[in-house]
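Participant: Take this structure, written in structure tokens, and hold onto it; I'll ask about it next.
Every read-out reported here was derived from the displayed coordinates using simple, explicitly stated rules and does not represent laboratory data. Just so it is clear, the model here is predicted, and its values are computed rather than measured. Here the Cβ positions follow ideal geometry from the backbone for every residue, glycine too, while neighbour counts run over all protein chains shown.
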Amino acid sequence: MVETQKYWFAARTLSKQEFAVKKRIENLNLEEGIDVECYLPTRTVISQLKYRRKRNVVPVARGLIFIHATKQSACDIHNVYGVQVFYMKDFSTHSMLVVPDKQMQDFMFLLDFSPSGVEVLNKNLKRGDRVRVIKGPLQGLEGELVRLMGHKRVVIRLEGVVSIATSYIPGSF
């Protein structure tokens, strides 16, 4: 029986190969006709050179890419097509780490909505109350309420992968 259910998988790439892996997977979709989507969270960084400023698009988390595919297609990317991705493991089940669709949608929405108002947190935060934003441009976003740098923020946590925090959100929202 062929599984048709698609999942989001978190994968690691070789050092500084995130954009090359993303391009390779997109080319596989065109050339081989496989039905795989990938998401590389990025942000724009402005660096000051001697006489000018330079804009660079860099990954939010180094070496991290998300792949939306069936389990078989995700395995084929590495085993059949030779793309250098290494899937993160879920420690409890010892299988490929699956990121729930709702968490992935919230993660992508928050990064697309306000890349400058997002702070990437790779340290463990004390778990707070689960919240849903009910007002404002982030309405519908679900996450964890934390106090960070003196402000209330909503944290979207992809378990075992990465956490991101919104900019300040008023308590009434």
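Participant: Going by average Cβ density within 10 Å per residue, which order do the peptides 76-87, 9-20, 24-35, 51-62 take, highest to lowest?
Facilitator: Ranked by mean Cβ neighbours within 10 Å, highest first: 9-20, 76-87, 24-35, 51-62.
Participant: In whole angstrom, how far apart do the alpha carbon centroids of segment 29-59 and segment 64-100 sit?
Facilitator: For segment 29-59 versus segment 64-100, the Cα centre distance is 21 Å.
Participant: In whole Hz, with x marking every Gly and Pro, tabulate ³J(HN,Hα) for segment 17-28 from phi via Karplus 6.51 cos²θ - 1.76 cosθ + 1.60, θ = phi - 60°.
Facilitator: Along segment 17-28, the couplings run 10, 4, 5, 5, 5, 4, 5, 5, 5, 5, 5, 4 Hz.
Participant: Around residue 89, which amide H atoms from residues at least 5 apart in sequence, or from another chain, sit under 5 Å from its own amide H, with H modelled in the peptide plane?
Facilitator: The answer is 97.
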